[in-house]
Amino acid sequence: MAGLEIISDQGYRIDGRRSSELRKVCARMGVFTQADGSAYIEQGNTKALATVYGPHEVRKGRGKIQHDRAVVNCQFSMATFSTGERKSRPKGDRRSQEMSMHLRQTFEAVIVTELFPRSQIDIYVQILQADGGNYCACVNAATLAVIDAGIPMKDYVCACTAGFIQDSPLLDISYVEESAGAPFLTVAMMPKSEQIVLLEMNSRLHADNMEKVLDLATQGCKDVFAVLDRHVRDHVSESHALMTAS
Amino acid sequence: MKEVPMSTCEREFILKAIRDRKRIDGRQTYDYRRLKVSFGMERGCCIVDLGDTKVLAQVSGKIEEPKKNRPTEGSIIINLELSPMASPAFEPGRPTESGIEMNRILERNIRDSRAVDTESLCIVAGEKVWSIRADVHVLNDEGNIMDAASIAAITALSHFRRPDVSVMGEEVTVHSPEDRDPVPLSVHHMPVCVTFAFFDQGEFLLVDPNRSEERVMDGRMVVGMNMHREICTLMMSGGMLLVKEQVLRCSQIATVKVAEIIELIQRALDKDAQARQAGEKCGFAESVPTNKITTNRKEATAIDTTAAAQQASQVIQEAGPVDKPMSNMLVQAPGTVQIGEGLVNTWDVDDEDMESEEKEGREKSVTNGREAVATSKPTERKRPVKAGEGTVSHAEGSDSEEEETVMLFQGDDETKSTEEPDSTALMQPSNSDKPAKKKGKKKKAAQK
Amino acid sequence: MAADFKTAQPVEYYRRFLKEDVRPDGRELGEIRHTTLNIGSITTAEGSALVKLGNTTVICGIKAELCNPTAEEPKKGFVVPNVDLPPLCSPRFRPGPPSEQAQVVSQLMADIIENSGVVALEDLCIVEGKLCWVLYCDMMCLDYDGNVVDTCVISLLAALKNVLLPEVTVNEETGSPVTDVEKKLPLNIRKCPVATTFGVFDDHYLFTDPTNEEECLATGVLTVVTTEDNKICCMHKPGGTALSESRLQDCINRALTRAEEVRKLIDETINSVER
């Protein structure tokens, strides 16, 4: 790994960004017809798709029915061609199961499940190309998809990563920076109330630097929220225009 | 098998106690339970007791081919087994979601933070490397498996010795322990996990939750830290919402706790090293104290009772003086004495007395004992007894008593009437005694 | 009112349309939905293509790996297709192991690749008996609205045309392969198979490119795969109502026309991406 300067002397990263810049975010809502809600998001080179089905009747297993709220079921899967080396097990390995579980916990906390007792909401997320920040792209895509499906949520959930390399915090880590072994923190939060829904950290980070990195990640989440919100509003006003015109 | 659900009472009780800053087992909010680390005979085997939670870790090494993209590095594999021995909730076979999560946290804590140097595990680049495997088994689940497992894993890795290997050109020789002393793994730092349990949407937090606290908590956060105050892993999930300040506060608390724990681990490792060097016997058999029954033995825990003692003395003071005892002893017969007031007893103590008393008490109105009479005489009880048999026994006439006896009372003093059936309900139990009593009375009456 | 009728009696509803030689979505019996093709968007894969046939969306990614050929066929490489119908594409697919339909389509892909000879397996061999390429073609359906077979075939063909394999030489001393990432060569595509699917309704009506609803109502399905030299390389008719020879010939003619259109589309897309 030697010879790869994560940050050059002028403060530019490998892909030309500065340390507190997000990658370009492109989002599309309502891409699929079969699903109740769907969204596609591109964060730099990471491409993620999310579809939402529901709320519908609980299909498998009577035991899962909750009498006072909806059951949220998430599945995370990476396409076999999404990583540099072919992934032979797209789902079922530990990392995917852990991600599915985290997604589920995140959305259970945010979706107003009390409005749909005895029903099930399915969220399926698919990564088409992985270039760092997989979990974040999933969460952002799933948020848009849930909004597209019309399921009420307490607030948006936005996620962002922040790392700490060569004594400076970096925002929105890409795959190259991830594999350099530096510590990075993944934060999923509700931007308006600044409440953290999920927090995950890898590698070693000194306790004193924790606050800086956490602050940067929070800021990143708020930036992502701004982009997503603008996009949702555009999409809704377009649809509205189409409906009233016809 | 599903776990027994926790009753609402218990749940409420624990929550209320936590809101009062008290814990069920008497600990303070940031206190750990008693932590004990012991080693087995073999190198790399370690048992950790955290209160009643018991976790066993065993480290083993194997020579294998390295991964294609990392030809000069060995591999560390950490496997956490939640065996059904630990709790009825764990089932053999597929690990549950929480099991997978804990496994991932352990992996991230030790492997991703480079606690053990993998480059030193290389023997021949690209061909042979050591693959070290740490198996952690949970033997008893009394809450907070995460911390115990992380302590066990890193301690076992520090305790483990791998066989020495020498490379001469193309030849690789693995030396047996008799040949050359086994070599320890190069452990850079010791990351230990500290679990925080949150209640009431993050308002109250506890360190080292036990089983019942875990079932009641809203969510938890696991902070993995080492001696140098570096955070090795951080995991917060469980559908709870936190703010940044809480996260930072937890990391500060974790710093203190981790320092204590690592000191304890070091001491245990040193003691074991000394024991081995001195040639003493070491192992689990030695670490368990002998001549004692080890199950169902409770560890003594110091509990602060000053508050309770104060309250108790206050209550005593407010209660007022104690009443003097009343003495109304009644000697019924030699060897039989009676005190007290209230219900007439149904023992057929002495018929003569009873008869005479009845006659005396005829005029008096004796109710069902509701009126406190100065001398309690078990007088008219017999009548209701008989009447309970069925009809009024005027017709029977055989018992002289009946004719003598007069009243059955409904509970009113004034009314004296010969209505019997109503008050039969009074003395049901003595129905069976009736025939005997009748005969007894007859005899006595006859005798007299 | 129409919606009520459609829910209550879908077959009758459909029949009424077919009598007038149209279908509910306005197409004629022989018309095929809009086909959109996008190639090369997944940079982590050696070749990729995204195809939208109406609403049905399939993305195909091709990854190449090196491996040893089998002892029986030392001069041949491998092409391994796999079709995935995940639960996100339609509510009818549940999470779990691949459904029967996914397996059938995967096998159909394998048959098409073998029968048509789209890629000569000998071209994938680097060193005879020692080293060869294996191409993993993973097709994933993202939105299921009928006729996934046609879409998969188009995406597979486009992705294969899009593949760039690095040049591999074998180091003489060590015997290990050396990949030259700088030099990349496209695959030699011998034939271009294109599939057309037909649905049969009531033993009488024949229409191309069924949507999801039509597939559920159809009494039979037929897929014809043709290559550019007007040869049929594969026909797939899994049960259903019988077809006479003349009807079959109609289908084949329609398939040949369609195949031409699709090939032009693929070539146009490739040319538009300056390589």
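Just a few scattered comments:
- Unmet criterion (only one of (1) touching a Phe, Trp or Tyr at 6+ places or on another chain (Cβ under 6 Å); (2) part of a loop (DSSP other than H, G, I, E, B)) for C:A64: (2)
- C:L135 vs. criteria part of a strand (DSSP E or B), within 14 Å of chain A (Cβ to nearest Cβ), touching a residue at least 60 places away in the same chain (Cβ under 8 Å) and closer than 30 Å to C:D180 by Cβ: yes
- Residues that are charged (D, E, K, R), over 13 Å from C:A158 (Cβ atoms) and more than 8 Å from every other protein chain (Cβ to nearest Cβ) were ranked within the range C:45-79; the one that is surrounded by the fewest Cβ atoms within 10 Å (Cβ to Cβ) is C:E72.
Let's see how each residue does on (1) more than 22 Å from B:V223 (Cβ to Cβ); (2) touching a Lys or Arg at 6+ places or on another chain (Cβ under 8 Å); (3) charged (D, E, K, R):
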position	(1), (2), (3)
A:Q129	yes, yes, no
A:V146	yes, no, no
A:I165	no, no, no
A:A180	yes, no, no
A:F184	no, no, no
A:L199	no, no, no
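- The listed residue being farther than 26 Å from C:P97 by Cβ, among the small types (G, A, S) and in contact with a helix residue (DSSP H, G or I) (Cβ under 8 Å, 6 or more places away or on another chain), out of A:A159, A:A137, A:A142: A:A159
- Applying the set (1) touching a Cys at 6+ places or on another chain (Cβ under 7 Å); (2) charged (D, E, K, R); (3) within 13 Å of chain A (Cβ to nearest Cβ) to B:D147 leaves exactly one unmet item: (3).
- All positions within the range C:165-197 that are within 20 Å of the chain's Cα centre (by Cα) and of a type in the set (A, V, I, L, M, F, W, C): C:L187, C:I189, C:C192, C:V194, C:A195
- In the range B:188-229, of all residues being within 9 Å of chain A (Cβ to nearest Cβ) and in contact (Cβ under 8 Å) with a residue 60 or more places away in the chain, the one that is surrounded by the most Cβ atoms within 10 Å (Cβ to Cβ) corresponds to B:G224.
- Whichever residue in the range C:28-44 is within 17 Å of C:L160 (Cα to Cα) and in contact (Cβ under 8 Å) with a residue 40 or more places away in the chain and, among such residues, is farthest from the other protein chains (Cβ to nearest Cβ): C:L37
- Considered as a group, the residues in the range A:32-54 that are facing another protein chain (nearest Cβ under 7 Å) and of a type in the set (F, W, Y) include one that is farthest from A:G150 (Cα to Cα), and that residue is A:F32.
- Within the range A:113-134, the set of residues being more than 20 Å from A:A35 (Cα to Cα) and not polar (S, T, N, Q) comprises A:E114, A:L115, A:P117, A:R118, A:A130, A:D131, A:G132, A:G133.
- Qualifying positions in the range C:90-141 - over 20 Å from C:L164 (Cβ atoms) and hydrophobic (A, V, I, L, M, F, W, C): C:F93, C:A102, C:V104, C:V105, C:L108, C:M109, C:A110, C:I112, C:V127, C:M140, C:C141
- As a summary of the residue check, C:V83 satisfies the conditions (1) farther than 30 Å from A:V58 by Cβ; (2) outside any loop (DSSP other than H, G, I, E, B); (3) more than 8 Å from chain A (Cβ to nearest Cβ) except for the one numbered (1).
- Residue ID - farthest from the other protein chains (Cβ to nearest Cβ), chosen from residues in the range C:217-254 that are touching a residue at least 60 places away in the same chain (Cβ under 8 Å) and assigned to a helix (DSSP H, G or I): C:R254
- C:E72 being within 30 Å of C:V178 (Cα to Cα) and of a type in the set (D, E, K, R): yes
Bear in mind that the values in this text are calculations on the coordinates, not laboratory data. Predicted model, so just to flag it, every value in this text is computed and none were measured. Cβ coordinates were reconstructed from backbone atoms using ideal geometry, including for glycine residues, and neighbour counts include every protein chain displayed.
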